[in-house]
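Engineer: Quick one: this structure, given as structure tokens, is what I'll be asking you about.
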Ligand code: LLP
């Protein structure tokens, strides 16, 4: 039996909670990305590994030809293990440890995205010790707001990320004294879950101003990395499961002024994997409260922390019941009041052992799982395995 997009019978043989990844949707999404980015000369897409590093998912993304955006040594290892070529690996992050920088240097990765002069000096020293020159891009904080949740906005002056526009000249001036780093790019990222193309257009305008300023100093870099941030439709995961990449890339093509052969790099996470994943959980108990009823499920905030951490909405469906709709608070078993997936959620009438799908959980789901309460980490299965 399939209810909606889920092979429910197959799910009965799998220990819940678990992540289910629809690889057909993932491949459709990747095909759309490569087709739409491919319309424009020099557009190169990297996948932000932080969104989901499941070892069954990464090779599919690599096969589509995307590069990898990493923010830790562990992510660099995961990318290499999945077969991403080192010359398509970018290493970003506000606090890179020496061993992580050395890992990048040893593998001759494409570029380090650098966030301060102090970091530039450390990379220069470590590269010198290896007789190498590191390729670096400067991460600039463009002070552009994004219409998204405060915890996932990154491009405002008050955020910890990047080098401010004011400090940029001083940072550029430091390069002649640092012969083991080579400036090859500029890097930006204004936030995540952005659906308003106007925010990306605002970023482009800021980059244009900055590049015009650098041009007066005859500084022109090989590539502009505009970060990621394209959002997905959490309310209606089935309505447009593949995000509007056509509009996204067209926006950058229209608004970003490029110099010479400059390439444009993107690092998308959520938009690549968000809709292909669901967290499948089993109802343990239906509990009647005084004013409401609770569906107590076996997944908790340890498996998917987004609702607790960001008050994020994920659509929840009962995939084993056709009974009339009733309202439930869907809660997990963790000893925390914030362990709630949704309040007053309409579900087909639920009973013990029903399976619920918590949708749009492919990005920042499995990867953010924790072992709190000594719980085992959830496993991930693909539709290739479960049919
Ligand atoms: N590039 C940089 C520099 C980033 O910091 C991020 C995400 C990305 C790319 C990828 O962004 P995306 O395309 O996925 O929006 N855990 C949060 C999201 C944190 C995003 C962190 N940075 C959540 O669950 O919503």
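Values in this text are rule-based calculations from the coordinates and carry no lab data. This structure is a prediction, so every number in the text was calculated from the model and none was measured. All Cβ positions, even for glycine, are placed from backbone atoms using ideal geometry, and neighbour counts span all protein chains on display.
Engineer: How would 121, 75, 41 line up from fewest to most surrounding beta-carbon atoms within 10 angstrom?
Structural biologist: The most exposed by this proxy come first: 41, 121, 75.
Engineer: Could you put 306, 62, 139 in order, starting from the residue whose Cβ has the fewest other Cβ atoms within 10 Å?
Structural biologist: 62, 306, 139
Engineer: Where both residues lie in region 23-274, what percent of DSSP beta bridges are antiparallel, nearest 5?
Structural biologist: Of those bridges, close to 5 percent are antiparallel.
Engineer: Between rounded, prolate and oblate, where does the chain land on the alpha carbon gyration tensor, with a ≥ b ≥ c its root eigenvalues, rounded for a/c under 1.5, else prolate if a/b exceeds b/c?
Structural biologist: It comes out prolate by the Cα gyration axes.
Engineer: What is the angle, in °, between the Cα long axis of helix 117-129 and the longest principal axis of the Cα atoms in the chain? Nearest 10 is fine, range 0 to 90.
Structural biologist: Approximately 80 degrees, to the nearest ten.
Engineer: Once label points are set 7 Å from the Cα along Cα→Cβ at both residue 55 and residue 309, what is their separation, rounded to one decimal in nm?
Structural biologist: 2.3 nm
Engineer: A further question follows. Run the simple label-point estimate for residue 374 and residue 338 please: 7 Å along Cα→C-beta, distance reported in nm.
Structural biologist: With each label placed 7 Å out from Cα toward Cβ, I get 2.4 nm.
Engineer: Between 143, 303, 173, where does the largest GNM mean-square fluctuation fall for the chain, given springs only between Cα atoms within less than 10 Å?
Structural biologist: Evaluated over the chain, the most mobile residue of the options is 173.
Engineer: Let me ask you something else. Relative to the longest principal axis of the C-alpha atoms of the chain, give the angle of the C-alpha long axis of helix 245-255, reported between 0 and 90° and rounded to the nearest 10°.
Structural biologist: 30 degrees
Engineer: Sticking with this one: Taking the chain as a Gaussian network, Cα atoms linked when under 10 Å apart, which of 355, 120, 80 shows the biggest mean-square fluctuation?
Structural biologist: So, out of 355, 120, 80, the one fluctuating most is 80.
Engineer: For residue 259 and residue 346, what is the calculated FRET efficiency with R₀ set at 45 Å and r taken between the beta-carbons, to the nearest 0.05?
Structural biologist: 0.25
Engineer: Expressed as an acute angle from 0 to 90° and rounded to the nearest 10, what is the orientation of the C-alpha long axis of helix 197-216 relative to the principal long axis of the chain?
Structural biologist: 10 degrees
Engineer: Then there is this: Expected output is a single nm value to one decimal: the length gained when fully extending between residue 201 and residue 290, i.e. 0.36 nm times separation in residues minus the C-alpha distance. What is it?
Structural biologist: Length gained between residue 201 and residue 290: 27.0 nm.
Engineer: I want to verify a result. In a Gaussian network model of the chain, Cα cutoff 10 Å, which of these has the top mean-square fluctuation: 299, 68, 177?
Structural biologist: Maximum among the listed residues: 177.
Engineer: I would also like to ask the following. Once you put a point 7 Å from the Cα of residue 130 and another 7 Å from the Cα of residue 118, both along the Cβ direction, what distance in nm separates them?
Structural biologist: If labels sit at residue 130 and residue 118, their model points lie 2.3 nm apart.
Engineer: Starting from 0.36 nm per residue, how many nanometres of slack lie between residue 13 and residue 217 once their C-alpha separation is accounted for?
Structural biologist: Length gained, residue 13 through residue 217: 67.0 nm.
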